[in-house]
Amino acid sequence: MQRKAPPLGSRPFQVTNRQVLAIAIPMALACLTTPLIGFVDTIVVGQFGDARLIGGLAAGGVVFDVVLTSFSFLLSGTTGSVAQAFGRGDALEARAVLWRAFVIAGSSGLALVVLAPLIALIGEWFMNADQPVTTAMDLYIRIRLISAPASLINYAILGYFLGCGNAALGLILQLLLNGVSTASSIFLGLYLGWGVAGVALGTVCGEAAATMAGITILLGRFRAMPKVSRQHTFNMVAMRQMLHLNGDIMIRSFVLTGAYVLFARQGAQFGTLTLAANAVLMHFFLVACYFLEGFAAAAQQLAGRALGARDQRAFLRTVKLTAGWGFALAGLPSVLVFTFGEQLLGAITKTPDVYAEAVIYLPWAAFGSLSGALAMQMNAIFIGATWSRDIRNMMLISFAAFIAALFALGPVFGNHGLWAALHIFLLVRGISLLSVMRRRVRSAFAG
């Protein structure tokens, strides 16, 4: 007979600023190191003084992100489900969620490796860039996809640690991943002169290192715990629920990344120079968004735990505190970009034309955290609560608004219209989720 696991968490609990910050600060630091990989890769490739290589790196990164972000449900879905099990005190179910996600991650990653040539061809067709850009993009995509199994498994491992509220281990793994990636990219791309191929291989090394470390930590932690039976782990009802949840989040992630891809593609239609400038500015935009990811992680874990514990007061307190901290700090990246943006642009690219073009549109990138703060916080709350249908539906509505704005403003205002449409997309995402939250809270905690 299988032994009953000790409770992971308690039922009613208090949500405090300290709890929020204990999760948010480590994860904010971890998330901030992620776009640094893109910064370093762009700086490395930028040293060759060819805007086409920068554009190819950017286009390849966008296509890879489409693929990888489509599977980000392995992170967010695992976090929400584990957090709810944590709130119920169900240690066995928390680990069962991890192993389900682990199996999906490994099998999906291997499929992506096999499909790499096809994915590269589809990406080239969709981006429709100049031939030198396409050549660099093809090389980057094919190499990066080698890391797909490790990347997806890392999502599942990080989701488990976040769901249990252990942000410190998440930080350690992300620092390892990004540190190895950065060092390897500099060595292979710049020191050995491998360029785009070198920075792609560097990231593969980082993902592999994090996977091996994460599995080692998990096996050490689980060795002293009661084993989870295969029947429990692969229970058909639980698997169907997980697939339904992950399917909705996958659609949301695919549409979100599709918006960024469409933004990049429309920028490419304005020429290689605009494509390269937007690629550089998107690093600022993404850094600003990553800055808020720590508070999104806190919102996911605490909202999921509160729902699992059936504690409405803790849930509403989570919404209030994560919103307060998120909006309070959303202006900081904007101030930094406005103050030091031109100096950072000069460090990233040594191509004068790309620098001059990027300076024109710098204010749009600076406002990224302000436009995206509500969207990120609401999305995190809904993921923690596993209200996946609303996440999917509101994302589709927001994407429709983005398309309308893109084709209404782009032809009239050019690249300015492109950036305006992106900000409209972010604002609609946050407002639409906020508009349905009260109804969902009443329904979830009724009785």
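The values are calculated or read from the model by the stated rules, or taken from the named source; none is laboratory data. Everything quoted here is computed from the prediction, not taken from an experiment. Please note: Cβ atoms are built from the backbone with ideal geometry, for glycine as well, and neighbour counts cover all protein chains shown. Quick note on the areas: whole protein, heavy atoms, side chains included, nothing else; ligands and nucleic acids left out. Shrake-Rupley method; radii C 1.70, N 1.55, O 1.52, S 1.80 Å.
Both numbers refer to the Cα atoms of the range 155-309; Rg and Dmax are 19.6, 59 Å.
Remind me, relative contact order of the chain in percent, using alpha carbon pairs under 8 angstrom and six or more residues apart?
Values: 777 pairs, mean separation 110.4, N = 447.
Over the chain, the number comes to 25 percent.
Site pair THR16 and GLN241 shows an inter-label distance of 3.2 nm when each label is modelled 7 Å from Cα along Cα→Cβ. When restricted to Cα atoms, the range 48-196 yields an Rg and a Dmax of 17.8, 56 Å, respectively.
What net charge do the residues around ASN17 carry, taking every other residue with its C-beta under 13 Å from that of ASN17, with Lys and Arg at +1 and Asp and Glu at -1?
+3
The range 354-392 and the range 135-209 have Cα centres lying 23 Å from one another.
For the range 385-447, what is Rg from Cα atoms divided by 2.2 N^0.38 Å, rounded to two decimals? Present the calculation step by step, with values, prior to reporting the outcome.
Values: Rg = 15.0 Å, N = 63, 2.2 N^0.38 = 10.6 Å.
Cα-based Rg divided by the globular estimate yields 1.42.
Need the full-extension length gain, LEU175 to PHE126, defined as separation in residues times 0.36 nm minus the C-alpha distance. One decimal, nm. Before the final figure, lay out the partial values.
Details: separation 49, 0.36 × 49 = 17.64 nm, distance 3.33 nm.
Residue separation times 0.36 nm, minus the Cα-Cα distance, leaves 14.3 nm.
Scale the Cα Rg of the range 308-393 by the rule-of-thumb value 2.2 N^0.38 Å and send over the ratio, two decimals.
Working: Rg = 18.2 Å, N = 86, 2.2 N^0.38 = 12.0 Å.
Relative to the rule-of-thumb radius for its length, the range 308-393 sits at 1.52.
With the highest mean first, a sort of the peptides 337-344, 419-426 on other beta-carbon atoms found within 10 angstrom per residue produces 419-426, 337-344.
Against the chain, whose longest principal axis comes from its Cα atoms, helix 388-413 is set at around 20 degrees.
Per-residue ellipticity at 222 nm computed for the chain from its helices equals -29000 deg cm²/dmol, with DSSP H segments shorter than 4 residues left out and the rest contributing -39,500 (n - 2.57).
Using bins of 10 Å that start at zero, the share of Cα-Cα pairs per bin across the range 240-380 amounts to 11, 32, 30, 18, 8, 1, in whole %. Once the Cβ-Cβ distance of THR216 and PHE413 is raised to the sixth power relative to R0 = 56 Å, the FRET efficiency obtained is 0.60.
Largest accessible area first, the residues TRP99, TRP125 order themselves as TRP125, TRP99 under a 1.4 Å probe with ligands, DNA and RNA left out. Rg then Dmax, both in Å and based on the Cα atoms of the range 335-447: 17.9, 64. Here the chain is treated with +1 on each Lys and Arg Cβ and -1 on each Asp and Glu Cβ, and its dipole about the Cα centre works out to around 2340 debye.
So for each of 179-191, 266-278, 234-246 I average, over its residues, the number of other beta carbons within 10 Å; can you give me the resulting order with the highest mean first? Intermediate values should be presented prior to the final figure.
Details: 179-191: 19.5, 266-278: 22.5, 234-246: 14.8.
With the highest mean Cβ count within 10 Å placed first, the list reads 266-278, 179-191, 234-246.
Note on the chain: Kirkwood hydrodynamic radius from all Cα pairs is 22.1 Å, rounded to one decimal.
To the nearest 0.05, what FRET efficiency results for ILE431 and LEU192 with a Förster distance of 51 Å applied to their C-beta separation?
Values: r = 49 Å, r/R0 = 0.95.
In this case the efficiency is close to 0.55.
Electrostatic bookkeeping for LEU345 treats Lys and Arg as +1 and Asp and Glu as -1; over the other residues with beta carbon under 15 Å from its beta carbon, the sum is -2.
In this rough spin-label picture, where each label sits 7 Å from Cα along the Cβ direction, the LEU118-GLN231 distance is 3.8 nm.
Counting Cα-Cα pairs of the range 44-134 in 10 Å increments starting at 0 gives whole-percent bin shares of 15, 31, 23, 18, 10, 2. Look at the dipole of the range 182-302 built from charges on Cβ: of THR274, ALA298, MET242, the Cα furthest out on the positive end belongs to MET242. Derived from the Cα gyration tensor, the three semi-axes of the equivalent ellipsoid of the range 345-399 are 35, 11, 10 Å, largest first.
Normalised by residue number, the volume inside the convex hull of the Cα atoms of the range 137-228 is 91 Å³ per residue.
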